[in-house]
């Protein structure tokens, strides 16, 4: 027989192809699992992935996972695609629409000079967050497809990462080291924060670790037969759950102790309710294991009370602060509702809550919370502010479908009931904590939450109980398109990451200059090179442009505005003015940039331009901490030359800041005797008593 004849090739080729595929599949599976482990471990270990560079790089890893995603034997249920993934994809498309150039009358632009005419108040930040959301979507699809095949190894890796972070936190707490990795703590002294900066977010991660560890211990609870007697059921529970699962119960205990030591009230409450829902859903649907699970619930409640009484004194002290904290949160919520009503249809732009909130912050909230407010401390209100009605309706539809399908899985699955139960418990933990904090703004927490919920949805529909079905042509094309979509996602994320890398290198020095600490020109020039490289890669990076303007301003101060090199200093001062103007044209909602531009104009003798810039600073951030007090001397010095409406605005704001932060305002006014007459006239106009130190000629 001719070994090269067509018949011989047809006999051997399919077998060789199948053999090759069978050898390749384990390699692809391990490659995907390795990519997942690296992505999650990096996000958890590096401060939760909250800084801009980490958020820029994360979609790159998600794109790699998407490209390596295995294809299950059966196509994904259409109901999952239509009710969960499609609304989220449409929401992300809406966030990209928010950064498209539109009419100059859109959004906030009427209250400031110029503007890019987009729905988003800060288009470059909306682009960053939209790319991150696109990475989340790729991550969710990849985890969903993989969990349809084998979710167990994925859960083991996730528990290992969370437990490692918890053990690191316990070690740091036991040694009394007040640091996060290599950085000294500046907040939450005395509380366990693990690898995160915020203890409440780390509490959510620890609570998810408790859920996942319990799920590993209860993995075989669905195998207990309802035909057994009560005694046999307890014996089966002991043999199938307790004996093989005791190491996972130990891991759950480690995560629980970590949760308690964070001192997070909302984290404790969300974790407790999530655990209760996980166990109650199993007890309610698996009659064979109901009584053992009820006993476990009772033991966990007892353990919770014992541990809380032993190490939860800090939590008890914080419980007494609920009223004052609630009043402060009510102030934030009230102003957030105002923002939502003003931007109901379009939103302020995804990822722009901080900039938008600064426009409505009042003096009362400044007195209660003299700190920068970056989040709404309620994820639902924050998303409603940023996305507007279209985005929030789409997300609500997706979450409701997620909840419905998870409940469907709990009611229909038998042996694999633990997976949808884990998904439901995760929804309770992150959804409950989102009512009082911003843990879903931390990428590490979001990745873990996505993983557990996708596991629940993937296992809500049985895969092995039915015969494999041929994948339709349109589904095969969709799968290929999804893999091909990983390429532009990766390329775009790398482009943003390259710019963020240079911004990251320059950020410490920029903070130093903004704090008023003088740097030598030889120290400033390398920073400028990084900032210029950032802008060369991404011209729309507003933070780098503002940093470049600050470097010009610092160079002007370094050369001396009154010395022999005054000419050089004035050149840099004018360069700073032009650069600030360019940055504000891209993103006008920046009260600090308007204030610095006003100071430059005032020094150059351009009083009218200084008044306009200062008025814009007040409109975009009337009561921002530190800035509100810093503006007072400049406002008082410009009142005599300002337009009537600007002078009235300056007087009202100065009086409000004086009432909210009297001691800080007094410190800056007493150092400027030239503005005392204007200050006294302003107080008299507001019918406020004059301070004793104010002596007028």
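All of the numbers you see were taken from the coordinates with simple rules; none came from a lab. These numbers come from a predicted model, not from an experiment. Heads up, the Cβs are rebuilt from the backbone with ideal geometry, glycines too, and the neighbour counts pull from every protein chain shown.
Observations on the model:
- Residues 121, 428, 156, 491, ranked from the fewest to the most other C-beta atoms within 10 Å, line up as 491, 156, 428, 121.
- Region 189-304 - convex hull of the alpha-carbon atoms, volume per residue in Å³: 87 Å³
- Considered as an equivalent ellipsoid built on the Cα gyration tensor, the chain has semi-axes of 53, 32, 22 Å, the largest given first.
- Distance between the pseudo-spin-label points of residue 171 and residue 663 (7 Å out from Cα toward the beta carbon): 4.1 nm.
- Binned Cα-Cα distance frequencies in region 500-685 - 5 Å width, integer %: 1, 8, 16, 18, 19, 15, 11, 7, 3, 1, 0
- Averaging the sequence gap over all C-alpha pairs within less than 8 Å and six or more residues apart, then dividing by the number of residues, gives region 31-484 a relative contact order of 23 percent.
- Base-10 log of normalised Debye intensity for region 179-240 (one unit scatterer per alpha-carbon) at q = 0.13, 0.24 Å⁻¹: -0.55, -0.94
- Between residue 78 and residue 333, the contour length at 0.36 nm per residue exceeds the alpha carbon distance by 88.0 nm.
- The peptide list 583-589, 370-376, put in order of mean Cβ contacts within 10 Å with the highest first, becomes 583-589, 370-376.
- Binned Cα-Cα distance frequencies in region 244-287 - 5 Å width, integer %: 5, 19, 19, 23, 20, 9, 3, 0
- FRET efficiency estimate (nearest 0.05) - Cβ-Cβ, residue 342 to residue 674, R0 41 angstrom: 0.60
- Contact order for region 540-660, expressed relative to its length and based on alpha carbon pairs under 8 Å spaced 6+ residues apart, stands at 18 percent.
- Euclidean distance of C-alpha centroids, region 586-606 and region 390-417, integer Å: 50 Å
- Helical runs assigned H by DSSP (4 residues or longer) give the chain a calculated mean residue ellipticity at 222 nm of -23500 deg cm²/dmol, each run adding -39500 (n - 2.57) before division by the residue total.
- Residue order, fewest to most surrounding Cβ atoms within 10 angstrom, among 246, 141, 594: 246, 141, 594
- Residues of region 286-307 falling in the label zone of residue 239, defined by backbone nitrogen less than 16 Å from a point 7 Å along Cα to beta-carbon, are 289.
- Based on every Cα atom in region 549-603, Rg and the maximum pairwise Cα distance Dmax equal 11.3, 37 Å.
- Cβ-based exposure ranking for 693, 182, in which fewest neighbours within 10 Å come first: 182, 693
- Pairwise label distance in nanometres, residue 514 with residue 532, each label 7 Å out on the Cα-Cβ vector: 2.3 nm
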